[in-house]
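Data block below; observations after.
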Amino acid sequence: MTASAADARLCVITGGASGIGRTAAELLLARGWKVALIDLPGKTLDEATDAFASNTAVRVDACNVTDEAAVEKLLAAVEASHGPIAGVVNSAGIAADIHTLDTPVDLFRKILDVNVIGSFIVARAAARLMAKHQHGAIVNIASISGLRGSKGRVAYGTSKGAVITMTQVLANDLAKYGIRVNAIAPGPVETPMVKALHTDADRKLWRTFVPMRRYAQPEEIASAIAFLVDGTQSGYITGEVIAVDGGFRGAGIILPEGA
């Protein structure tokens, strides 16, 4: 049974116009949540705005997560229009696959700014609001690249490793306010960003070293997100990192195809 629009819990999702964020929004809506989608202005956000235009349980806004003042103003407005924020999903992020020796410092800084600082800005702004209600859940989207050293991921992997440590510190600091903070570390997922980044050679590599021999579908990550934001299912879980990676993190020697 889903809640009424007035009583439904509200989840804020950054990077919510496409990929994992958009899929998580659709799943939470189906489970009776209200959602506030935040993404950069552009075609993708315009498409999401049109898609949800008639749904009063959805709010869509353009915002750069690295803009501290804009984020704080927007989250206050979201609470004013759609009720207390019960969940946050930090899904906004950028990636690069470049050898260490060829990685520009400016790109490294940009990836850290979006993936780490942006996630912190959103999490802190939301937590300040959640603390007033003594309740809330934050889910940070990390990556298996933040847990294991993968080729070409010196900037991206570093940023996601930082997100994982940040998640644990936030969970520690915010527990007394009734706020849980967890992270999901996806393996390769069939999202627009991955489709643009991964070459045929990359896909062959991943399928060789992922025991399940395939990429995840966004719905498989979204279901883990929905579990972690819902305190009725995961109310005693905080500071955890869940790898949704087809077995990649735990794999040792992989059997050859057909074995």
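The values are calculated or read from the model by the stated rules, or taken from the named source; none is laboratory data. Note that the structure is a prediction, hence the values are computed from the model and not measured. Glycine gets a Cβ as well: all are built from the backbone with ideal geometry, and neighbour counts include every protein chain shown. Accessible surface areas use protein heavy atoms only, side chains included; no ligands, DNA or RNA. Shrake-Rupley method; radii C 1.70, N 1.55, O 1.52, S 1.80 Å.
Can you name every residue in segment 7-21 that is in a loop (DSSP other than H, G, I, E, B) and not basic (Lys, Arg)?
Scanning segment 7-21 gives Asp7, Ala8, Gly15, Gly16, Ala17, Ser18.
Are there any pairs, at least 6 apart or on different chains, whose C-beta atoms fall under 9 Å, with the first in segment 100-112 and at negative phi and the second surrounded by 11 or more Cβ atoms within 10 Å (Cβ to Cβ) and hydroxyl-bearing (Ser, Thr, Tyr), and if so, which?
So the pair list comes out as Phe108/Thr158; Phe108/Ser159; Ile111/Tyr156; Ile111/Thr158; Ile111/Ser159; Leu112/Thr158; Leu112/Ser159.
Of everything in segment 200-227 that's without any contact (Cβ under 8 Å) to a residue 60 or more places away in the chain and β-branched (Val, Ile, Thr), which residue is nearest to Ala17 (Cα to Cα)?
Top of the filtered list is Val210.
Which one of these does Lys151 not meet: (1) open to solvent by less than 10 Å² (accessible area, probe 1.4 Å); (2) not in a strand (DSSP E or B)?
Answer for Lys151: the failing condition is (1).
Report every pair of residues separated by at least 6 positions or lying on different chains whose Cβ atoms are under 9 Å apart, first residue within segment 23-46 and on the phi > 0 side of the Ramachandran plot, second in a loop (DSSP other than H, G, I, E, B) and open to solvent by less than 30 Å² (accessible area, probe 1.4 Å).
Listed by first residue and then by second, the contacts come to Gly32/Ala8; Gly32/Ala57; Gly42/Ala17.
Examine segment 109-116 for a residue that is in contact with a Gly (Cβ under 8 Å, 6 or more places away or on another chain) and among the basic types (Lys, Arg), and state whether such a residue exists.
No: segment 109-116 contains no residue that is in contact with a Gly (Cβ under 8 Å, 6 or more places away or on another chain) and among the basic types (Lys, Arg).
Inside segment 125-148, can you point out the residues that are crowded, with 16+ Cβ neighbours inside 10 Å, in a helix (DSSP H, G or I) and free of Cβ contacts under 8 Å to residues at least 60 places away in the same chain?
Ala125, Ala127, Leu129, Met130, Ser145, Gly146
So is Ile94 part of a helix (DSSP H, G or I) and closer than 26 Å to Ala155 by Cα or not?
no
Tally time: how many residues in segment 187-218 are aliphatic (A, V, I, L, M), open to solvent by less than 40 Å² (accessible area, probe 1.4 Å) and part of a loop (DSSP other than H, G, I, E, B)?
1
Is it the case, given these coordinates, that Ala69 is under 26 Å from Arg128 (Cβ atoms) and under 16 Å from the mean Cα position of the chain (by Cα)?
Here the answer is no, as Ala69 does not meet what is asked.
Where the second residue is small (Gly, Ala, Ser) and not in a helix (DSSP H, G or I) and the first is touching a residue at least 40 places away in the same chain (Cβ under 8 Å) and closer than 19 Å to Val229 by Cβ and lies in segment 157-179, which pairs have Cβ atoms under 6 Å and are six or more apart or on separate chains?
Once the first residue is touching a residue at least 40 places away in the same chain (Cβ under 8 Å) and closer than 19 Å to Val229 by Cβ and sits in segment 157-179, its partners that are small (Gly, Ala, Ser) and not in a helix (DSSP H, G or I) give Val163/Ala142; Ile164/Ala142; Ile164/Ala183; Thr167/Ala183; Gln168/Gly239; Ala171/Gly239; Ile179/Gly136.
Inspect all residues belonging to segment 10-22 and state whether any of them is touching a residue at least 12 places away in the same chain (Cβ under 8 Å), open to solvent by 10 Å² or more (accessible area, probe 1.4 Å) and more than 24 Å from Ser145 (Cα to Cα).
Scanning segment 10-22, I find no residue that is touching a residue at least 12 places away in the same chain (Cβ under 8 Å), open to solvent by 10 Å² or more (accessible area, probe 1.4 Å) and more than 24 Å from Ser145 (Cα to Cα), so the answer is no.
Which of the residues belonging to segment 48-84 are of a type in the set (Ser, Thr, Tyr) and either surrounded by 14 or more Cβ atoms within 10 Å (Cβ to Cβ) or closer than 28 Å to Lys110 by Cβ (or both)?
The answer is Thr49, Thr66.
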